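Scroll down for the structure; my scribbles are underneath it.
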Amino acid sequence: MEDSEGNLKGISVDILNELMIKTGHEAIITLQPISRLNQLFDEHKIDLNFADSPKWNPQQPEDIAFTDPYTIVYEYIYFLKPNFIEVTKPSDLSGKFIGITRGYYYGSYQSLFKNKIIDRHEAYSNKNLLTLLVKKRVDAAFFDDLLFNFLIKAEHMDRVKFKRGAKLSEAPLSIKLNKNKFYLLEELNTAIADMKEEGRIQRIINSYVK
């Protein structure tokens, strides 16, 4: 994300910047909508996607590779506490209005969205998605757990007003490389292992969400 001065910040941004320092490389970081990002990557106009997962890439051609994961992303359903619903299967949200971030894909819910069994609103940003939930314009929202807790902290909201529901997914978060950058894999994996051993990755995460 961008701060008030236009500087890029975030857990994965900080981790990537430290990895570049450790490996002696430089990276120019840009933020792109999910669909645009994937298009640019497929066209080999982007060398690295620094926050991706093999689980989000069911079709994995030979011209991409992933580093070892530097953390794990857990996605959950979030509710305002008075509106909590116990969800054991996707159809438990039938008739509800669910918010997701534009471009995100939830396989087990896709047919329910398509057939309007569950109404879906695609927010243009994660912050906007939280606002929709707070203002009760959606019944629930799908969020990455780290991101949700960061936004709650950044917006000075009371965590007890929300309740986390069923887990949607669990995905290792890695750096995805285009074929022309495969030579970086070994040194990036070594640097990731070093940062994990030093506790540096956890300290970066804690600085945003603890």
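The values are calculated or read from the model by the stated rules, or taken from the named source; none is laboratory data. Remember, predicted model here, so these are calculated numbers, not experimental data. Note: ideal-geometry Cβ built from the backbone for every residue, glycine included; neighbour counts use all protein chains shown. Surface areas here come from the heavy atoms of the whole protein model, side chains and all, with no ligands, DNA or RNA. Shrake-Rupley method; radii C 1.70, N 1.55, O 1.52, S 1.80 Å.
In the range 86-210, one over the average inverse separation of all distinct C-alpha pairs is 17.0 Å, which is the Kirkwood hydrodynamic radius.
Placing unit charges on each Cβ (+1 for Lys and Arg, -1 for Asp and Glu) gives the range 1-124 a dipole about its Cα centre, and among Met1, Ile118, Ile15 the Cα reaching farthest toward its positive end belongs to Ile118.
Where both bridge residues fall in the chain, DSSP classifies roughly 75% of the beta bridges as antiparallel. Could you tell me which of rounded, prolate or oblate describes the range 1-42, using a ≥ b ≥ c as the square roots of the eigenvalues of the alpha-carbon gyration tensor, with rounded for a/c under 1.5 and, failing that, prolate when a/b is larger than b/c and oblate otherwise? Oblate, since a/c reaches 1.5 and b/c is not below a/b.
Here the Karplus relation 6.51 cos²θ - 1.76 cosθ + 1.60, evaluated at θ = phi - 60°, turns the backbone of the range 32-40 into coupling constants of 9, x, 3, 5, 5, 4, 5, 5, 5 Hz, with x for every Gly and Pro.
What's the magnitude of the charge dipole for the chain around its Cα centre, counting Lys and Arg as +1 and Asp and Glu as -1 at the beta-carbon? Answer in Debye, nearest 20. Don't skip to the end; give the middle numbers.
Working: 29 positive and 29 negative charges, 248 e Å.
Here the chain has a charge dipole of around 1180 debye.
The dipole here belongs to the range 72-130: it is taken about the Cα centre, uses +1 on the Cβ of Lys and Arg and -1 on the Cβ of Asp and Glu, and is about 140 debye. Since only Thr71, His25, Ile46 are under comparison, the one whose Cα sits farthest along the positive direction of the charge dipole of the range 1-71, derived from C-beta charges on Lys, Arg, Asp and Glu, is Thr71. Cross-link partners of Lys114 among lysines, defined as those whose alpha carbon lies under 20 angstrom from its own and excluding same-chain residues fewer than eight positions apart: Lys89, Lys96.
Applying a DSSP loop filter and a limit of 10 other Cβ atoms within 10 Å to the trypsin sites (Lys or Arg not before Pro) in the range 1-103 leaves Lys45. Volume per residue for the range 55-127 equals 146 cubic angstrom (convex hull of Cα atoms).
With the alpha-carbon atoms of the chain aligned to their principal axes, the span from lowest to highest coordinate is 51, 37, 31 Å, starting with the largest. What a 1.4 Å probe finds exposed on the chain is 48% carbon and sulfur by accessible area, rounded to a whole percent. The Kirkwood hydrodynamic radius of the range 14-114, based on inverse pair distances between different Cα atoms, is 16.9 Å. Of the chymotrypsin sites (Phe, Trp or Tyr not before Pro) found in the range 54-136, those that fall in a DSSP loop while having at most 11 other beta-carbon atoms within 10 Å are Tyr105, Tyr124. Pairs of Lys residues in the range 126-210 that lie 8 or more places apart, or on two chains, and have C-alpha atoms under 15 angstrom apart add up to 8. Per residue, the accessible area of the range 58-210 comes to 55 Å² when a 1.4 Å probe rolls over the protein heavy atoms. A Gaussian network model of the chain, with springs between Cα atoms under 10 Å, assigns the largest mean-square fluctuation among Gly165, Gly24, Gly103 to Gly24.
Each Lys and Arg adds +1 at its Cβ and each Asp and Glu adds -1 at its Cβ; summed about the Cα centre, the range 121-170 shows a dipole of about 260 debye.
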